[in-house]
Amino acid sequence: MESSQSPRFHVSRRAGSSIVGPGLSAVRAACSLHGEQLAGLAPVFERIGQHLDTTVSQPGHDGLFSANRKRVIVVVSDVLWGELVLLTEVRADEIRRALTAHALPFTGKQLSDAICHGWTNWSRHARRSFRRGAPAWSDLATVSVGGLLFISPDTRIKLAQVAAGGETPVLAVALNSTGTTRKRLKCSVRAIVFPLPSWARASGAVAGHA
């Protein structure tokens with residue numbers, strides 16, 4: 001897959017705010033539909049929601065959060081990252097190519113293990129990149145997004161519905177790769193989809209007061 005790396009991502013530590021803005025509200029609403037299936041990753045999703053609220057309230061990111069059917073906002077964090085969260089956009093054509101990377105005759109377990117390996121390997125790469133101040137998103141991350149969407153047609157349908165409704169589709173991915181080594185796979189990966197309303201942008205009706 002051709003690399004699409006560009007300075008389109010935003011990494012930050014969680015803002016110390018007690019305000020529940022539209023991003024965190026949307027995350028909580030999406031999480032409530034999954035209950036115990038979140039595998040203990042609710043705190044990571046909370047961190048992701050707070051990061052969304054901090055980012056969307058900044059005028060410089062208005063364009064990133066404008067409704068666009070040709071891309072999806074992806075927000076990721078790992079338990080091992082501490083307070084760090086990464087936000088980027090992935091284009092629809094990138095997602096289509098990533099989906100085809102998984103369209104092979106794998107068994108369910110083989111595919112699940114491959115997806116977990118992809119996310120844990122990328123998370124390790126991301127942590128190194130954060131320390132160096134280098135771009136963390138990579139083709140491996142995009143392919144890993146494709147893997148999640150490949151095994152979850154409901155998630156693909158939800159993303160399409162959000163885009164068709166005129167709001168910004170967000171895919172939030174929470175990881176826990178604690179204890180994973182090159183010889184031992186131990187990983188939890190969960191994803192939720194939700195719309196980020198256009199009024200939440202800095203130029204929107206709330207004027208950035210998320």
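The values are calculated or read from the model by the stated rules, or taken from the named source; none is laboratory data. Everything quoted here is computed from the prediction, not taken from an experiment. Using ideal geometry, Cβ is built from the backbone for each residue, glycine included, and neighbour counts are taken over all protein chains shown. With ligands, DNA and RNA removed, areas are computed over all heavy atoms of the protein, side chains included. Shrake-Rupley method; radii C 1.70, N 1.55, O 1.52, S 1.80 Å.
General observations
- Two-site FRET efficiency, His34 against Glu83, from Cβ-Cβ distance with R₀ of 22 Å, rounded to 0.05: 0.45
- Sites matching GluC sites (Glu not before Pro) across segment 64-96 that sit in DSSP coil, with at most 14 neighbouring C-beta atoms within 10 Å: Glu83
- Projected area, mean over directions - segment 83-162, Cα convex hull, nm²: 6.0 nm²
- Ligands, DNA and RNA are left out, and with a 1.4 angstrom probe the accessible area of segment 118-172 is 41 Å² per residue.
- Annotation: amide H-H contacts under 5 Å for Leu175 (H modelled 1.01 Å from N, sequence separation of 5 or more, or interchain): Ser77, Asp78, Val79.
- The H on the amide N of Thr180, modeled in the peptide plane, is under 5 Å from the matching H of Lys186, each at least 5 residues off or on a different chain.
- For segment 76-81, backbone phi angles converted through the Karplus equation (6.51, -1.76, 1.60; θ = phi - 60°) give residue-by-residue couplings of 10, 8, 10, 3, 6, 7 Hz, Gly and Pro being listed as x.
- His117 - accessible surface, heavy atoms, 1.4 Å probe, Å² rounded to 10: 80 Å²
- Whole-Hz ³J(HN,Hα) from phi, Karplus 6.51 cos²θ - 1.76 cosθ + 1.60, for segment 110-125, glycine and proline x: 4, 5, 4, 5, 5, 5, 4, 4, x, 5, 5, 5, 5, 4, 5, 4
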